[in-house]
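The values are calculated or read from the model by the stated rules, or taken from the named source; none is laboratory data. On a predicted model such as this, the values are computed, not experimentally measured, just so you know. Using ideal geometry, Cβ is built from the backbone for each residue, glycine included, and neighbour counts are taken over all protein chains shown. To get the accessible areas, we keep the full protein, side chains included, count just its heavy atoms, and leave off ligands, DNA and RNA. Shrake-Rupley method; radii C 1.70, N 1.55, O 1.52, S 1.80 Å.
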Protein chains: 2
Amino acid sequence: MVILNQNTVTEHIQHKRFEQLRSMLLDCNAVDIALLLRDIPAEDRALAFRLLPKGLAVQVFEHMEPDQQHQLLEAFTTDTARDLVMGMSPDDRAALLDEVPASVASRLVRLLSPRERKVTLELLGYEEGTAGRLMTPYFVGLRDDMTVGQALERIRRMAHDRETIYYAYVVDGERHLLGAVSLKDLVLTHDDTRISEMMTTSPKYVMTYTDQEDAARLLQDYDLLAVPVVDSENRLVGIVTWDDLADVMEEEATEDIYRYGAVEVPEEGYFRASLLNVARRRVVWLFLLIAVNTVTGSIIAGQSDLLQEVVILAAFVPLLIGTGGNVGAQSSTVEISGLATGEVGGGRAAFIVGRELAVGLLLGALLGLLVVAWAYLLGRELRVAIIVGVTLLAISSMAAMVGGALPFVFRVFKIDPAMVSAPFITTVMDIFGVTLYFLIAHLLLRL
Amino acid sequence: MVILNQNTVTEHIQHKRFEQLRSMLLDCNAVDIALLLRDIPAEDRALAFRLLPKGLAVQVFEHMEPDQQHQLLEAFTTDTARDLVMGMSPDDRAALLDEVPASVASRLVRLLSPRERKVTLELLGYEEGTAGRLMTPYFVGLRDDMTVGQALERIRRMAHDRETIYYAYVVDGERHLLGAVSLKDLVLTHDDTRISEMMTTSPKYVMTYTDQEDAARLLQDYDLLAVPVVDSENRLVGIVTWDDLADVMEEEATEDIYRYGAVEVPEEGYFRASLLNVARRRVVWLFLLIAVNTVTGSIIAGQSDLLQEVVILAAFVPLLIGTGGNVGAQSSTVEISGLATGEVGGGRAAFIVGRELAVGLLLGALLGLLVVAWAYLLGRELRVAIIVGVTLLAISSMAAMVGGALPFVFRVFKIDPAMVSAPFITTVMDIFGVTLYFLIAHLLLRL
C-alpha cells in the first residue's frame with residue numbers, strides 16, 4: 001500500500017518532476033488521492049489533477065468535496081468538465097449543483113446528456129436531507145415472470161453503470177415495487193426458478209420524502225446494503241445505498257454532538273468557515289443563555305441584605321449551581337441519546353424521569369454529606385454548612401429530574417430533543433440553584 | 001408489511017391463542033420479531049419463541065441481545081440450544097459467550113461441532129473492541145491462477161455459509177493476502193480471464209488487533225462492504241463486514257456523547273442497569289468535579305472583605321462563570337468532534353487554538369457590551385458594570401482558548417480527547433472565572 005505524503009507531492013510540483021508525481025499517483029487508490037489533494041494548495045491541486053488519466057480522474061473527482069470540485073471545474077476546459085460531471089453518480093452530482101452558484105449550475109447542467117440532465121434535475125427536485133435526494137435511479141429492475149437465469153443474465157448486462165448489483169428489485173408494468181432479491185439468493189437458486197417464487201415480497205422501503213436519518217436507521221436495523229425508494233404512488237424511483245447512508249450517520253452524529261455543545265454547524269463545516277461565520281453560529285445561543293442567566297443576577301441582587309449579614313454564603317454559589325449543572329448534563333445526555341437511538345420511547349417517560357429523580361436523590365445524599373464537611377471546614381459555621389448540604393441534595397434531585405424530563409418536554413412540543421444542550425441545562429440549573437439556595441438559607445436561618 | 005404490536009402478542013398468549021400468534025409471527029421479518037420479543041416479559045418471550053419454525057428461530061435468535069439469548073437458552077432443551085448456538089455466526093457467538101457466566105459458556109462450547117468450537121475459541125482469543133473479535137472466518141478465498149469462470153463457480157458453491165459473497169480475497173499457498181475482487185468485477189469480466197490479471201492488488205486491510213473504530217472508518221472512507229483481517233504474518237484470518245461496523249459506529253457515537261456528558265456507560269446499557277450501578281457510574285465524575293470546584297469556594301471566601309463592601313459583585317458570579325462554561329463547551333465540542341472525525345490533525349493545533357481565541361475575543365466583545373448595560377441597570381454602579389463587562393471579555397477569550405486547547409493537551413498526554421466533557425470544561429472555567437473576576441475587580445476598584 002503506497003501512502004501518499006502531501007509534502008512529497010508539493011516538492012515534486014515545485015521541482016516540476018511531473019513524470020515522477022504521475023507514476024506515484026498511478027500507484028494509489030482514488031480515495032487516497034482525493035484525501036491528499038484536499039490538503040494541498042488549490043493551484044497544486046489542479047496541476048496534480050491534470051496528471052491523472054481520465055478514468056482515475058473521474059473517480060478521484062467524485063470523492064472530493066463539492067467546493068473543491070467547483071474550483072477544479074473552473075480551472076478546466078469545457079470538454080474536461082463535461083467528462084468529470086458526466087462521470088459522477090447522479091446523487092453526488094445533485095449535491096455539487098446544489099453547492100455552486102446558480103449560473104455555474106445551469107452551465108454545468110447544459111453540459112450533460114439529455115438523459116443525465118433529466119435524472120439530475122429530478123433528484124434536485126427533492127428536498128435536501130431526504131431519501132429522494134440521496135438516491136440513485138440506476139438500480140437493477142426485474143420482472144417477476146423472469147427466471148433466475150434470465151435475471152442473472154440481465155444483471156450481468158446492466159452491471160457496468162449500476163450503483164449496486166447486489167440487490168435487484170422486482171416491479172410490475174407500472175413500476176410498482178413488488179419484491180426484492182439479493183444476488184446471493186439468485187446465485188444460490190436454480191436457473192429455471194421463477195423470480196416470483198423466490199423473491200422477498202413486501203421488502204422494506206422508504207418514501208422519497210423520508211428523512212435520510214430514518215433511511216439510515218432502517219438499513220442498519222435490517223442489515224441491508226440498499227433500500228428501495230418509492231414515490232407516493234408506490235412506484236419505484238430509486239435506491240439508496242449503504243455508502244451514502246454511512247456518511248449520513250456520521251453527519252447526524254456530528255450534528256447531535258455540536259448541538260449538545262450549543263453550536264450550530266456552518267454548512268461548509270466548522271473548520272473551513274470564516275471567523276465571522278463561526279462567531280455568528282455561536283453568538284445566538286450565548287446571547288439567549290446570558291439573557292436567561294440575568295435572572296440569577298436579579299435573584300442574588302435581591303438577597304443583598306442576607307449576603308451582607310452572612311457573606312460566606314456567596315462562597316458556595318459556584319459549587320452548588322455547578323453541581324446542579326453537572327448532574328443535569330448527565331441526565332439529559334442519557335435521555336437525548338436514548339431518544340435518538342430509539343432505546344427510550346415516549347411511553348416510558350414518567351418511569352424514566354422518576355428513575356432519574358431517584359438517582360439524583362442518591363447522588364445528592366452522597367455528595368451532600370461530603371460537602372457539609374468541607375463547608376464547615378471553610379466557613380466554621382455549622383448552620384451554613386447544613387444549608388449548603390441540604391441545598392446540594394435538593395439541587396441534585398431537581399437537576400436529575402429536570403435534565404431527564406426536558407428532552408421529553410421538548411418532544412411533546414415538537415422540538416428536537418437534541419436542542420437540550422449542556423449549556424442550556426447548565427443555565428436552567430443556575431436559576432433553580434440560586435433560588436433553592438436562598439430559599440433554604442432563609443428557612444434554616446430563621447430556625 | 002405486517003407491523004407487530006406487543007400488546008396483541010401478550011393478549012394472544014394470555015388467551016392461549018397460539019395458532020393465531022404463530023401465523024402472525026410467520027408473516028414477519030426476523031428483525032421485527034426480535035425487536036418485538038425484546039420488549040415483552042421473559043416468560044412470554046420463551047413461549048412465543050417456541051412457536052417459530054427452526055430456520056426462522058435461528059435468525060430471530062441471532063438478532064437478540066446476549067442477555068436475552070442467555071435467558072432463552074436456559075429455558076430450552078439441550079438439542080434446541082445446540083441448534084440455536086450452532087446457527088449463529090461466529091462473531092455473534094463469541095459476543096454471547098463473553099456475556100454469560102463461565103460455567104454456561106463452557107457448557108455451550110461443548111455443544112458445538114469441533115470445527116465451530118475451534119473457530120469460536122479463536123475469536124474469543126482476540127480482545128474485545130478489536131477487528132479480530134468482530135471478524136468472521138467464513139469468507140470466500142480464491143487463488144490467483146484461477147479463471148474468473150472458476151472463481152464464480154467456487155463462489156456459487158460456497159455461498160450458502162459465507163457471511164458475504166460480494167467480495168472474495170485472493171491468497172497464496174501460505175494464506176498470505178495477495179488481492180481482492182468484487183463479485184461485480186467478476187461478473188463484468190470475461191470467464192477466461194485469470195484472477196491475477198483483474199484483482200485489486202494491495203487491497204486495504206486491517207490487523208487482528210486494529211481498533212474496531214479504525215476498521216469502521218476505513219470501511220466508510222473507502223466505501224467498502226467488507227475489509228480483510230490479517231495476522232502479524234500477513235496471513236488472511238477473516239473479514240469484517242459492514243453490518244457489524246455500522247453497529248460499531250453507532251456504539252462509538254453513543255459512547256462519545258455519554259462521555260461528553262460525563263457519564264460512564266454501564267456495560268448492559270444505561271436503561272437496563274440497576275439504580276445503584278447507574279449512580280456508581282456517575283458519582284465518580286461528580287465527586288471529582290466537586291473536589292475541583294471547592295477551589296472556587298476558597299477563592300470567594302478569601303474575598304469576604306471585598307464582598308462585604310461591594311455586595312452587588314456577588315450577583316454577577318453565576319452569569320460570568322456560566323458564560324465561561326458555555327463558550328468553553330462550544331469550543332471543546334468542536335475540537336473533540338474534529339479530532340474524532342479526523343477533520344483536525346494535531347499538526348494544526350496552534351493555528352486552531354489561535355482561531356478559537358480570536359472567536360472568543362469577538363464573542364466576548366459583543367456580549368460584554370450587552371452585559372455592561374444590564375449590569376448598570378441592575379446595580380446602578382458604573383464601576384461594577386465595567387468590571388463585569390471586562391471580566392466577560394476576559395472569560396470568553398480564555399474559555400474559548402482553554403476549551404479549544406484541552407482536547408489537544410489531553411491527546412499529548414495520551415488521554416482520549418473525548419474525556420474533556422462539558423461538565424469538566426464548565427468546572428475548570430468556574431475556577432478561571434472567579435479568579436479573573438476578583439482580579440479585575442481589585443484592579444479597577446483601586447483606580
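GNM remark for chain B: springs join alpha carbons under 10 Å apart, and the peak mean-square fluctuation among B:65, B:122, B:309 falls on B:309. For the residues of B:376-384, the average number of beta carbons from a partner chain within 10 Å of their own beta carbon is 1.
Across the range B:315-393, the volume of the C-alpha convex hull divided among the residues equals 76 Å³ per residue.
Ascending distances from the residue B:305 label point to its copies in the other chains, with the point 7 Å along the Cα-to-beta-carbon line: 2.8 nm. Using a Förster distance of 41 Å, how high is the FRET efficiency between residue B:255 and residue B:198, based on the Cβ-Cβ distance and rounded to 0.05? For R0 = 41 Å, the calculated efficiency reads 0.50. Heavy-atom accessible surface of residue B:18, to the nearest 10 Å², is about 60 Å², with a 1.4 Å probe and all protein chains retained.
Label-point spacing for residue B:113 across the identical copies (point 7 Å from Cα in the Cβ direction), in nm and ascending order: 4.9. Dipole orientation for the range A:195-321: of the candidates A:202, A:301, A:321, A:301 has the Cα lying most toward the positive pole (charges on Cβ; Lys, Arg +1; Asp, Glu -1). Counting Cα-Cα pairs of the range B:326-447 in 5 Å increments starting at 0 gives whole-percent bin shares of 2, 12, 19, 20, 17, 11, 8, 6, 3, 1.
Spin-label pair residue B:273-residue A:56: with each label point 7 Å from Cα along the Cα-Cβ axis, the two points sit 5.0 nm from one another. Per residue of peptide B:158-166, the mean number of Cβ atoms on other chains within 10 Å of the residue Cβ is 3.
For the range A:192-239, the share of accessible area belonging to carbon and sulfur comes to 40 percent (1.4 Å probe, ligands and nucleic acids excluded). For the protein assembly as shown, the Kirkwood hydrodynamic radius comes to 30.6 Å, computed from all pairs of different C-alpha atoms. Panel note: contact residues of the range A:209-226 (accessible area lowered by at least 50 Å² against the chain on its own; 1.4 Å probe) correspond to A:220, A:222, A:223, A:225. With bins 5 Å wide beginning at 0, the percent of Cα pairs of the range A:151-262 falling in each bin runs 2, 11, 19, 21, 19, 12, 7, 4, 3, 2, 1, 0. Report for the protein assembly as shown the percent antiparallel among DSSP-assigned beta bridges with both residues inside it, nearest 5. Around 75 percent of the beta bridges assigned by DSSP in the protein assembly as shown are antiparallel ones. Taking the Cα centre of the protein assembly as shown as origin and assigning +1 to Lys and Arg Cβ atoms and -1 to Asp and Glu Cβ atoms, the resulting dipole is close to 1680 debye.
Under 29 Å Cα-Cα from residue B:54, which lysines qualify once same-chain neighbours fewer than 8 residues away are excluded? List returned: A:184, A:204, B:16, B:118. Comparing A:301, A:57, A:94 in a Gaussian network model of chain A (Cα springs below 10 Å), the most mobile by mean-square fluctuation is A:301.
Inter-copy label distances at residue A:444, shortest first and taken from points set 7 Å along Cα to Cβ: 3.3 nm.
When you restrict to C-alpha pairs under 8 Å that are six or more residues apart and normalise by the size of chain A, the relative contact order lands at 11 percent. Take each residue of peptide A:271-281, count the partner chain Cβ atoms within 10 Å of its Cβ, and average: the result is 3. For a paramagnetic label modelled on residue B:98 (point 7 Å from Cα along Cα→Cβ), amide N atoms under 14 Å away belong, within the range B:66-80, to B:66-67.
Computed with a 1.4 Å probe over protein heavy atoms only, the accessible surface of chain B comes to 43 Å² per residue. Placing B:190, B:63 in order of accessible area, with the largest value first and a 1.4 Å probe, yields B:190, B:63. The accessible area of residue B:438, taken with all protein chains in place and a 1.4 Å probe, comes to roughly 10 Å². What percentage of the solvent-accessible surface of the range B:347-419, computed with a 1.4 Å probe over protein heavy atoms, is contributed by carbon and sulfur atoms? Result for the range B:347-419: 77 percent of the exposed heavy-atom area is carbon or sulfur. Loop-located trypsin sites (Lys or Arg not before Pro) in the range B:1-85 (DSSP state other than H, G, I, E, B) with a sparse environment of at most 13 neighbouring Cβ atoms within 10 Å: B:16, B:17.
Note on residue A:209 and residue B:26: with the Förster distance fixed at 22 Å, the Cβ-Cβ geometry gives a FRET efficiency of about 0.10. Across the range B:91-220, the mean sequence separation of Cα contacts (distance under 8 Å, 6 or more residues apart), normalised by length, yields a relative contact order of 26 percent. In this structure, residue A:414 and residue B:65 have a Cβ-Cβ separation that, at R0 = 35 Å, corresponds to a calculated FRET efficiency of about 0.65. Orientation-averaged projection of chain B equals 30.2 nm² [convex hull of Cα atoms, one quarter of hull surface area]. With the highest mean first, a sort of the peptides A:131-141, B:143-153 on other beta-carbon atoms found within 10 angstrom per residue produces A:131-141, B:143-153. Annotation: residue B:323 carries an accessible surface of approximately 10 Å², with a 1.4 Å probe and no ligand, DNA or RNA atoms counted.
Taking B:187, A:359 and ordering them by how much accessible surface each has at a 1.4 Å probe, largest first, produces B:187, A:359.
Protection proxy ranking, highest mean first, for peptides B:389-398, B:288-297: B:389-398, B:288-297, where packing is the per-residue count of other beta-carbon atoms within 10 Å, averaged.
Take the Cα of residue B:235, step 7 Å toward its Cβ, do the same at residue B:295, and the gap between the two points is 5.4 nm. Can you list the residues of the range A:269-293 with backbone N under 13 Å from a point 7 Å past the Cα of residue A:6, pointing along Cα to Cβ? Residues A:272 qualify, since their backbone N sits under 13 Å from the label point. With the alpha-carbon atoms of the range B:97-198 aligned to their principal axes, the span from lowest to highest coordinate is 54, 24, 23 Å, starting with the largest.
Once you've got the GNM for chain A with C-alpha springs shorter than 10 Å, pick whichever of A:373, A:226, A:81 has the biggest mean-square fluctuation. Judging by the Gaussian network model, the answer is A:373. Checking every one of the trypsin sites (Lys or Arg not before Pro) in the range B:346-434 against DSSP loop status and a limit of 15 other Cβ atoms within 10 Å picks out B:380, B:414. Of the beta bridges in chain B, as assigned by DSSP with both residues counted there, near 75 percent are antiparallel. Distance between the modelled labels on residue A:247 and residue A:343, one decimal in nanometres: 2.9 nm (7 Å Cα→Cβ projection).
Membrane-span-like helices in chain B (whole DSSP H runs, Cα extent of at least 20 Å along the helix axis, mean Kyte-Doolittle hydropathy of at least -0.5): B:275-301, B:317-341, B:349-379, B:382-412, B:422-445.
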